[in-house]
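Colleague: This structure is in structure tokens; I'll ask about it shortly.
Since every read-out is calculated from the coordinates, none of them should be taken as a lab result. Worth saying up front: this structure is predicted, and the values here are computed from it rather than measured. Here the Cβ positions follow ideal geometry from the backbone for every residue, glycine too, while neighbour counts run over all protein chains shown.
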Amino acid sequence: MDIIKATVWNEFRHEKINNRVKEIYPDGIHIAIANSLNAADDIQANTATLDEPQHGLTDDMLDNTDVLLWWGHMAHHEVSDEIVEKVKKRVLEGMGLIVLHSAHFSKILKTLLGTNCSLKWREAAEKERLWNIEPAHPITKGIGEFFELPQTEMYGERFDIPNPDKVIFISWFQGGEVFRSGCTWQRGHGKIFYFRPGHETYPIFHDENIIKVLTNAVRWAKPQIKKPDRCDKVEPLEKLSENRE
Ligand code: ZN
């Protein structure tokens, strides 16, 4: 069996300063997600965080990453442009990228999509119903027609993104808004999945359906090829007419 190497990146700040978040994720969101992914036989998940040298995303780490998961919120601006460029290059070469919740505003997603990625939001512990509108897609394997999260932060349209290749989930919120909660794009050879749920003060990453979606998404986003970008001058394959100027 081929093992997919996943790296869960987290800015790891809320967990250190907010007791509620610390209670839900005592070791950090990244560890909770990595532990859940590691329950799958075919996934080996590591972690990296903002305050490590190079934000934990050294060349060696990226060489050993098939799929990178990204959670960030309060410290997007602290992520170095150099690391963002490096991650972007890896995605274009084939590495998968799964962008979680408030990382809609991460430098890496904004640079790969080229739009503002802004949205409406409200924190009122309301119910969210996620409609699975692509039941044949690998990311929704084992997910029913919909699933619910009893308490979430609301994200509402319009979400300023380029048209996704596929919209996988549409969320409805108790307060009336809707949102494209699961979207895929391809950039270069890399697959990108944005998945909305994951506010730090609710136990979202302990939810069975969320874990199932993330596990499926890692499998879906694994590289089909990893191919460095080149721009070669080449000789013709056939002999060209000698009359050519
Ligand atoms: Zn949030």
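Colleague: GluC sites (Glu not before Pro), restricted to the range 198-240: which are DSSP loop and have at most 13 other Cβ atoms within 10 Å?
Modeller: GLU238
Colleague: Return the sequence-ordered ³J(HN,Hα) values of the range 57-71 in whole Hz as given by the Karplus equation 6.51 cos²θ - 1.76 cosθ + 1.60 applied to θ = phi - 60°, using x for Gly and Pro.
Modeller: My calculation for the range 57-71 gives 9, 6, 4, 4, 5, 5, 4, 9, 10, 8, 9, 9, 9, 10, 10 Hz in order.
Colleague: Separate question: Bin by bin, in steps of 10 Å, what percent of the Cα pairs in the range 1-139 do you find, going until the bin that has the longest distance?
Modeller: 11, 38, 37, 14, 0
Colleague: Give me the compactness ratio for the range 9-50, meaning the Cα radius of gyration over 2.2 N^0.38 Å.
Modeller: 1.21
Colleague: Restricting things to Cα coordinates, could you compute the convex hull volume per residue of the range 166-205 in Å³?
Modeller: Each residue corresponds to 83 Å³ of Cα convex hull volume.
Colleague: Further question on the same structure: Return the distance in nm (one decimal) between the two label points of a simple spin-label model at GLU235 and LYS141, each offset 7 Å from Cα along Cα→Cβ.
Modeller: In this crude label model, GLU235 to LYS141 measures out at 4.6 nm.
Colleague: What length, rounded to one decimal in nm, is gained on full extension from SER80 through to ASN38, with 0.36 nm per residue of separation minus their alpha-carbon distance?
Modeller: Gain on stretching SER80 to ASN38: 12.3 nm.
Colleague: In whole Å and largest first, what semi-axes does the C-alpha gyration tensor of the range 99-245 yield when each eigenvalue is scaled by 5 and square-rooted?
Modeller: Equivalent-ellipsoid dimensions as semi-axes: 39, 17, 13 Å.
Colleague: Another question, if that's okay. Report the full-extension gain for the segment ASN163 to ASN18: residue separation times 0.36 nm, less the Cα-Cα distance, to one decimal in nm.
Modeller: 48.6 nm
Colleague: Okay, next question. Please give the net charge around VAL91, taking every other residue with its beta carbon less than 9 angstrom from that of VAL91, where Lys and Arg add +1 and Asp and Glu add -1.
Modeller: Result for the neighbourhood of VAL91: +4.
Colleague: Per residue of the chain, what 222 nm ellipticity follows from adding -39500 (n - 2.57) for every DSSP H run with n ≥ 4, rounded to the nearest 500?
Modeller: After summing the helix terms and dividing by residue count, I get -6500 deg cm²/dmol.
Colleague: What does the highest-first list of 70-76, 172-178 look like by mean Cβ count within 10 Å?
Modeller: Order by mean packing, descending: 70-76, 172-178.
Colleague: So for the chain: antiparallel DSSP bridges make up what percent, rounded to the nearest 5?
Modeller: Within the chain, antiparallel bridges account for around 55 percent of the total.
Colleague: Let me ask something else about it. Classify the range 41-116 as rounded, prolate or oblate from the Cα gyration tensor: take a ≥ b ≥ c as the square roots of its eigenvalues, call it rounded if a/c is under 1.5, otherwise prolate when a/b beats b/c and oblate if not.
Modeller: rounded
Colleague: Taking the Cα atoms only, what angle lies between the long axis of helix 81-93 and the longest principal axis of the chain, rounded to 10 degrees?
Modeller: Value to nearest ten degrees: 70.
Colleague: Hey, another quick one. What's the Kirkwood radius of the chain in Å, using all Cα pairs?
Modeller: 18.7
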